[in-house]
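Everything on this sheet refers to the single structure shown next.
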Amino acid sequence: MILNSFSFLAFLTVLLIVYWKLPKKFQLSLLLLASYVFYAAYKLDYVVIMVAATLINFLFSLSFEKFKRHIKPVLFLAIVANIGALFAFKYLNFFSTTFTQLHLPFTLPTYPANYLIPLGISFYTLQIIGYHIDLYRHKYKAEKRLINFALFHSLFANISAGPIERGDHLLPQFAKPHSFDAAQVTDGLKLFAYGLFKKMVIADNLALVVDRVFATLPEFKGLSLVLVIIFYSWQIYMDFSSYTDMARGVAKMLGIDLLENFNFPYFSTSISDFWRRWHLSFSSWLRDYVYIPLGGNRKGAIRLVVNTLIVFTLSGLWHGAAWTFVVWGILHGLAISIERLGKRFLGKTLPMPKILQNIYAYITLSIFWVVFRANNLPDALYILKNATIGLKNFASPSYVWASLNQLFVFNRVEMAITFAVLLLAVLLEFIRTKTTLATLLAKQPPVVRFAFYIVLVFLTLQLRNSDIKQFIYTRF
Amino acid sequence: MFKIFAKVFVIFCGAAILSIIVNYFYLRANHLTYQWPRNIFPKPPISRKYQIVKVGNSHADDGVTFDHFKMRSLSLSGAGQTWQYDLVKLKMYANQIDDNAIILIDISQLSFSQGKPRPTDSLTFKYYDGAISPFLIPNLQVGNYLESTVFPFVRATYLWRQDYAKQVEQQALNSFATTNWAPIKKPIPEPLIPTPVTQNPTNLTKNLSAQQEIAASPYQSDAKLQDSVIFIINKWHTPGDFGPEFFAANRTDLENLIEYCQAHHWRPVLMTIPISQRLTDGLGQDYLTTYVTTQIKKTNLHGSVYLDFSDQTALRSNGYFWSDSDHLSDPGRHVFSHLLMEQLLAKGFLTPAQNGFAH
C-alpha cells in the first residue's frame, strides 16, 4: 500500500473517521493497529519482524536506566543489533556479490532474487539508533509505555521514506491526546493533495522520459542526455519532497507534526549548503550521530576530510546496496571536503555572485545525480562522457529539434507536457521562496480557492500515468 | 469533520465534471461511445442451459471444438488461464449451466507449474474488461477496476495520450519503412503429402472413427514447429513464471475446481490434450513425469474421470495437425474433438444421439 494508491486513500478515509470519532484514550492503539495493517499490506510476514524489532529495541531502551553502570555496552549492543539486522536484510547480497567478484577466500550467503527488503528498514533503523544514542547521552528519559514506543518505531505515515524523527520531537506528541482541529486537518489535507499532485503530475511525467532514456542509453548523446539530467534532478526532488508532503499531511490530519525535510535545495550556493537543505532529517542525523562523534571539523584539516568522506560514503551506502550509490556519496564527500578546506584556508566561500554559486551548485548536483540514477557505473560514465558531444550544435535550432524528436519519439504532446510540468516545478519553488501556497490562497475569495482545488484534483486525475509508480526513496 | 468531507466531495465532483467533458471530446474524436459497466453480478439463469462446458488455457481453446457435439455448449477457456480463473468463470456462469452438465477441465502440460497472475499482469485486466463480476475476481484491484469500468472518464487524457503516442510511433515507423525496408520473402510452405485413398462408393458413406480420420489425413513434416519448440521450452522453464514452487498451490486449485463442479452436480471430466511429438521430445519424458503425471497422482481427483490423450502418436507426429508446437490446427482440433467424443461415449457421458461426428 503506497501513499499514492487508491487502497491507501480508502484506508486513510476510514482511519480518519474512526480516529476522530473514537474516545481519545484509544487513539494511539488505533494508530498502532493502522500502522501494522499498513505494514501487513506490504508483506504480512514482515509484521512479525517489525513487532520483534520493536520489542527488542524497547527492552534496549529500558536497559539504559536499568544498567546505568553498563550503559556503553548496552548502547553497543543496541547499535550492533539494529545495524546487524539492516546489514542482514539489505546488504548481504551486495557484499556477497562483491566478495565473489574480488575472489576473496570466504563467501556470504545470499537471498533469492525475488526477496523483498522489509519496508522502511533503512529509515526506522536510523530513527531507533538515534533514539538509543539520545538515551545514552541522557538527552531525555526512555519511553516507558510500550504502545507509545511501538508507534514511534512504526508509525505508518513516515515509515516508508521518512522523515527520520527524533525521540524528543515525536514521542511527546503521543503523550497527550489529540482534539479535532478542523483547521489542522484541512491544512493536512491540502499538504497531502499538494504532495500527490507533485508526485503524480510532475515527478511521474518526468520519469517517463528519464526511464526510457536510461533503459536505452546507447541511442542517446549530446543535448538529449543534458535534458534528461535536468529532468531527473527535478524528478527526484519532486518525488521525494512529494512523499514528505504526503507523510506530513497525513500526520497533520491525525494531529501529529513531523519534521520538515526540504528547504529549497536547488537554491543552494554550494554542495555543503545543499546538505543543509536536502533530506534534512537524514543529514542532521548524520551530523549529530556520526560526524560530530567522529570529531567533526575540530581535529584538523586531515580529520575533517576523513570524517566527511566517511559520513558521505555511509550516506551513499545507506541509499542503496550498489556501487553507484557509494560513488555518489563519495563524490559529495569530496566536493564538500574541497569546499570546507577552501573555506578554512581561504577564509571565505566561493568567490562569485550568488546566482553563479546557485548555478555551480545545481550543475554539480545534477552531475552527481547521474551517478545516483544510473543502473551501473559504466552507464554513468557513458552519460557524463557523451552529454557534451556536439556542444557547439546546442545553439542550432535544427539540432535542438532533432534531439527533442529523438527524446520524445516525435510526440509533441509529451514534449509539451514534460516541459510544462518542469516549468511548473520550477515556478512552484520560486513562489514558495516568497510565500506559501496556503497563504496565497487564503487571500483569495472562496470561489477562486475552490476553483484552484478543483483544477488541482482534475490535473492529478488526468495527467497521471496508468501505472502507480512507487516513490524513489521507498526503495531505500 | 463532516464539513471537510463535504468540501472534498464538492471538489471531486467539480473535477469529475471537468473529466467527463474531456472524456466526451476523447470519445467523439475516436468515434467511441461510453461503455456502461456490465456483468457486475454473475450471469442470470436462462431457460436452455448449457450441457457441456470447457475450461482451461489456450490448449483447450484451440484443441476442442463443439461443432459436432449435438448439445448446448459453452467455452470458458482462455489464453494463459489457470485453474483459479477456471473456477472464477464457472462461478460467473453457474446459473446457466445445467445439472449433470459435463465440465471439461484441461490438465495441460504447464497447468501444475504455472504461477499465479501478478496483480499488474495484463491477464487480470482481461477480466476487468467487463467479462467477469468484480465480486468474483481474486485479488481484485478495486481502484483499477473502478477507473477502467465504472469511471473511465478519469483516464480520458491518459488514453488520449497513449493513442496519440502509438499514432506518431506508427507514422515514424512507416516513414522509416518506406525508405529503409526491403520486402521479406515469404517462406514456401511445405507440401502436404496426400495419403492414397481407394475411391470406392462405400468409403464415401462409411463413418470413419477418429483414428481412421487421423490415418486418412494428409501428412506434413513437423520441422516447421522447431522455432516454436525452442520458444516454449524457454517459456515453460522461466523462473518466476513457471516452476515446481507452484505445484502445491495449483493442485489445491484443481481440487477446489473439481469440488465446486461436484457440489453443483456437474460432471467434471479431466483431460490432457496432447502436444506435438517434437515438443515432447524437446521437453524430455522427465518433464511430463515430473510436471504432469506425478502431480496428478498427488491430487485428489474426487473420483473424476481423467482422459489422457498424450499417447496419440499419429496425431502428435503429423505437422498437419499443429499450428505450433503446443496448439492444434483446425484439422487437429477436429480430429481431437472426435477422439474426445469417442471417449465420452465409451465412458457413458454422452449418448449416440449427441454424436455429431456420425453421419
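Restricting things to alpha carbons, find the Rg to Rh ratio for the range B:218-359 using the Kirkwood radius for Rh. Over the Cα atoms of the range B:218-359, Rg/Rh equals 1.00. Relative to its Kirkwood radius, the Cα radius of gyration of the range A:147-235 gives an Rg/Rh of 1.19. With a Förster radius of 41 Å applied to the beta-carbon distance between A:ALA451 and A:ILE363, the computed FRET efficiency rounds to 0.60.
Looking at the protein assembly as shown, the DSSP beta bridges with both ends there are about 25 percent antiparallel. Scattering from the protein assembly as shown was approximated by placing one identical point on each alpha carbon and applying the Debye formula without solvent; log10 I(q)/I(0) at 0.05, 0.07, 0.09 1/Å stands at -0.38, -0.73, -1.10. Start at zero, step by 10 Å, and the Cα-Cα distances of the range B:242-282 spread as 23, 32, 33, 11, 0 percent across the bins.
Shape of chain A from the C-alpha gyration tensor: oblate (a/c of 1.5 or more and a/b not above b/c, with a ≥ b ≥ c the square roots of its eigenvalues).
May I ask which of A:LYS66/A:LYS90; A:LYS199/A:LYS385; A:LYS43/B:LYS166; A:LYS176/A:LYS443; A:LYS25/A:LYS144 have a Cα-Cα span longer than 25 Å here?
A:LYS66/A:LYS90; A:LYS199/A:LYS385; A:LYS43/B:LYS166; A:LYS176/A:LYS443
Residue order for B:LYS89, A:LYS443, fewest other beta carbons within 10 angstrom first, comes to A:LYS443, B:LYS89.
The Rg/Rh ratio for chain B, using Cα coordinates for both the radius of gyration and the Kirkwood hydrodynamic radius, is 1.04.
Here the spin labels are modelled as points 7 Å beyond Cα on the Cα-Cβ line, and at A:VAL51 and A:ASN263 they lie 4.1 nm apart. Helices in chain B that qualify as membrane-span-like (whole DSSP H runs, Cα extent of at least 30 Å along the helix axis, mean Kyte-Doolittle hydropathy of -1.0 or higher) are B:2-29, B:156-180. In the distance distribution for the range A:21-82, Cα-Cα pairs more than 17 Å apart total 55 percent.
For the range B:290-359, the equivalent ellipsoid derived from the Cα gyration tensor has semi-axes of 23, 21, 8 Å, listed largest first.
Consider all pairwise Cα distances in the range A:180-308 and report the whole-number % of them above 22 Å. Distances greater than 22 Å cover 55 percent of the Cα pairs. Across the range A:369-476, Cα-Cα pairs farther apart than 22 Å form 60% of the total.
Quick check on the exposure proxy: order A:THR324, A:THR216, A:THR186 from fewest to most C-beta atoms within 10 angstrom.
Ordered by Cβ neighbours within 10 Å, fewest first: A:THR216, A:THR186, A:THR324.
Eigenvalues of the alpha-carbon gyration tensor of the range A:74-214, scaled by 5 and square-rooted, set the equivalent ellipsoid semi-axes at 34, 28, 11 angstrom, largest first. Taken one residue at a time, the phi angles of the range A:278-295 give Karplus couplings (6.51, -1.76, 1.60, θ = phi - 60°) of 10, 6, 4, 5, 7, 5, 6, 4, 4, 5, 6, 10, 10, 5, 5, x, 6, x Hz. Gly and Pro are set to x.
Neighbour counting of Cβ atoms within 10 Å sorts the residues B:HIS327, A:HIS132, fewest neighbours leading, into B:HIS327, A:HIS132. For the range A:281-362, the percent of C-alpha pairs falling in each 10 Å distance bin, counted from 0 to the bin holding the largest distance, reads 18, 43, 33, 6.
Of the three principal axes defined by the Cα atoms of the range A:232-352, the extents in descending order read 48, 34, 29 Å. Mean partner shielding of peptide A:397-405, defined as the number of other chain Cβ atoms within 10 Å of each residue Cβ, is 0. All alpha carbon pair distances within the range A:12-122 were sorted into 10 Å bins beginning at 0; the resulting P(r) in whole percents reads 12, 28, 28, 22, 8, 2, 0. Given chain B, what percent of its DSSP beta bridges are antiparallel, to the nearest 5? Around 25 percent of the beta bridges assigned by DSSP in chain B are antiparallel ones. Loop exposure criterion: chymotrypsin sites (Phe, Trp or Tyr not before Pro), DSSP state outside H, G, I, E and B, at most 16 other Cβ atoms within 10 Å. Applied to chain B, the longest stretch between such sites is B:182-308.
Remark: for residue pairs B:LYS91/B:LYS235; B:LYS49/B:LYS347; B:LYS43/B:LYS235; A:LYS198/A:LYS392, the C-alpha separation exceeds 28 Å in B:LYS91/B:LYS235; B:LYS43/B:LYS235; A:LYS198/A:LYS392.
Computed from the coordinates by the stated procedures, all read-outs in this text should not be read as laboratory data. Please read these numbers as outputs of a predicted model, since none were measured by experiment. No Cβ is skipped: glycine too gets one built from the backbone with ideal geometry, and neighbour counts run over all protein chains shown.
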